[in-house]
Structures are given as C-alpha cells and as structure tokens.
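Here's the structure, in structure tokens; my notes come after.
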Amino acid sequence: MIYAYSTPVAEERQRYLIRGPQSDRLSSYIERYRPCTSVPVHDHKTPYVSFVLVGGYDEWFGQQKYECREGTLTIHPAGDRHSNTIFGMPTREMYFSIHPNLYSSLSQVGLLQTRTDTRRADLSQLMQKAIREVAEPDSLSVLILESLVVEAVVTAQRLARTCCDAPRWPARVEEYLRSHLHTEPCLGEVEREFGRDGSYLARIFRQHYGVTMGDFVRSLRVEQALRMLSSTEQSIGEISAELGFSDQSHFGRVFRRHTGMTPLAYRKTTSNSRFRTLDLN
C-alpha cells in the first residue's frame, strides 16, 4: 500500500495518480479524484501536506467541515480522523507525505502539530513550482521539493499563529480581486471600491499575502489555467483570451514562470494516459 493509512479506506474509492520523487524524508504525488465520490473516515500514520490544484472537496472532522477548494494548502498532523466528500467536478491534488526523518526536524520547532488551512498567493506560487518537480523530476527534484514544502509549512503555520491580529482589509480586497479576475487590477478602482487610500490598501495587502495585487491576480489566473488545461479541451489560445492575457505568448511566459512548464507540457502530464489506478489493497 502506497499511503500509510492506519484506518482502511474503502476499496470503491478509486484514485489515479502520478507518483513523484520519493525519499526517506518526503514522498510526493499528484492524484485525481472522481466527482461526487466520498472517502470514509480514516486517519494517516504520518503528517502530510496537500494542495488542491483543480476542483475541491469538503473535509469533515466529526461535525466540523472545512472547504478545500482550488489553491487551498492544508497541513495535516498524523492521526487526525477525517472523511472527504469530493465536489461535483474532477479534482486534482498534490500530496506530500512527511516521513519521520523530516518530521523530527520540523516538530522540534512546533511545526506539523496542528491542522492548518490557508489560501495565499505566495503559497500557491510555491506549489506551482512544485508541479514540475513532481511531474517531470530530475536528480535535484527531491531536494527542491523538500525546500518548497518546508517553506510552505513554515509560512502557513506562522500565519496561523498571528491570524487573529490580521486586519480585515486584505480579505475584502482578495474577494474583490477574485471577482475581477479577468481584468487588470487598477489601484484607482480598488481605491474607489473601498473608499480608502490605494497605497495603504496595496501595502497591507502585500504585508498579509506576501505578494502585490498584480502578482496575486496572475497567480489566480494560473490556478484557473491549471484547471482549464486539465479538465477542458479548450485550445491554449482560447484559455489565454478567456483569462485576460494580452496574447498567447504572454500567457505562456506567465504560466512557465509560475510552474516551470509550458501550458502544453502541463496538459500532457495531466492527460489520462499519464495516470494509473492506485491500488489500495
């Protein structure tokens, strides 16, 4: 069995995956879930980090529900019993299992002890870089993936410790930017929308998310492009135009900067022929 479940998972749960680089510290995968399927209550013997690439699911801890949609990075400590309900759309997730050698180092500074969910552009950019290392690994991919995952864990759990002091403006600006994804962000329009000084909003947004508003929108567009490339048959030119890029060349440059791959190369890695059934027995 590839995954270290301490509670058996039902056989009818069928997943497909790309097995990425493996080491005695970290294992990596890109996995796909069928729409409207469920994963019964289970737990994991080792902590793991997941990042939703496409689609999403509800994760249940008893009566408590967490919504994990595109761009959600979740840190799961070992032994947390939970179940999952996949949304009504194909879902892909990148998954990193943290083995004892790496866990020992991180736990000494209080990491991987609590569940953490977050959606931040800087974390999405880290995970977008990880896609290439999982899908097209070379001799350095294990080292690169470990550094990306550790940085993501540190950033997410540091943020969780201080989130109670976070201002309300960044979340409101994020919501606005998400609803205007296909247009270029204009500081004057943001200023008029919120009735606050644009420079102030830009500054606290960058302090909170670690990126500028413009970089945040580009990251969202790349997330959307990942979904469209893997779950639709639209041409790369059509996707580029729909997401508001100036032309296909511009789209290709931005996509490659975020993921290390061209749009065509990513589409090939997520085609059905690259996935195999995961044997849960």
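Once the range 29-61 is narrowed to residues that are small (Gly, Ala, Ser) and at pLDDT below 95, the residue that is surrounded by the fewest Cβ atoms within 10 Å (Cβ to Cβ) is Ser38. One residue alone among Asp138, Asp122 is farther than 22 Å from Leu17 by Cβ and surrounded by fewer than 21 Cβ atoms within 10 Å (Cβ to Cβ), and that residue is Asp122. Here Phe245 meets the list (1) farther than 19 Å from Ala135 by Cβ; (2) surrounded by fewer than 16 Cβ atoms within 10 Å (Cβ to Cβ) almost entirely, failing just condition (2). Tallying residues that are more than 22 Å from Met89 (Cβ to Cβ) and either modelled with pLDDT under 90 or not β-branched (Val, Ile, Thr) (or both) within the range 259-281 yields 7.
Of the residues making up the range 179-197, those that are in a loop (DSSP other than H, G, I, E, B) and either modelled with pLDDT under 80 or more than 19 Å from the chain's Cα centre (by Cα) (or both) number 9. For the range 72-102, residues that are small (Gly, Ala, Ser), in contact (Cβ under 8 Å) with a residue 60 or more places away in the chain and either buried (at least 22 other Cβ atoms within 10 Å of the Cβ) or not in a loop (DSSP other than H, G, I, E, B) (or both) total 1.
When each of Tyr176, Tyr200 is tested for being over 18 Å from the mean Cα position of the chain (by Cα) and either modelled with pLDDT of 85 or more or in a loop (DSSP other than H, G, I, E, B) (or both), the lone residue that passes is Tyr176.
Residue pairs whose Cβ atoms lie under 6 Å apart, sitting 6 or more positions apart in sequence or on different chains, and linking a residue in the range 127-152 that is over 13 Å from Ser28 (Cβ atoms) to a partner that is hydroxyl-bearing (Ser, Thr, Tyr) and buried (at least 18 other Cβ atoms within 10 Å of the Cβ), are Gln128/Thr259. Of all the residues in the range 146-160, those that are surrounded by 15 or more Cβ atoms within 10 Å (Cβ to Cβ), farther than 18 Å from Ser104 by Cβ and of a type outside the set (S, T, N, Q) number 5. Only one entry of Phe245, Phe255 meets the criterion of being in contact with a helix residue (DSSP H, G or I) (Cβ under 6 Å, 6 or more places away or on another chain), among the aromatic types (Phe, Trp, Tyr) and part of a helix (DSSP H, G or I), and that entry is Phe255.
Any chance the range 213-221 includes a residue that's in contact with a Leu (Cβ under 9 Å, 6 or more places away or on another chain), crowded, with 16+ Cβ neighbours inside 10 Å and assigned to a loop (DSSP other than H, G, I, E, B)? Looking for residues that are in contact with a Leu (Cβ under 9 Å, 6 or more places away or on another chain), crowded, with 16+ Cβ neighbours inside 10 Å and assigned to a loop (DSSP other than H, G, I, E, B), one finds none in the range 213-221, hence no.
Please find, within the range 15-28, the residue that is nearest to Arg132 (Cα to Cα) out of those that are in contact with a strand residue (DSSP E or B) (Cβ under 6 Å, 6 or more places away or on another chain) and either modelled with pLDDT under 85 or assigned to a loop (DSSP other than H, G, I, E, B) (or both). Across the range 15-28, the extreme among qualifying residues is Ile18.
The values are calculated or read from the model by the stated rules, or taken from the named source; none is laboratory data. Being a predicted model, the structure only gives us computed values, none of them experimental. Backbone-built Cβ (ideal geometry, glycine too); neighbour counts: all protein chains shown.
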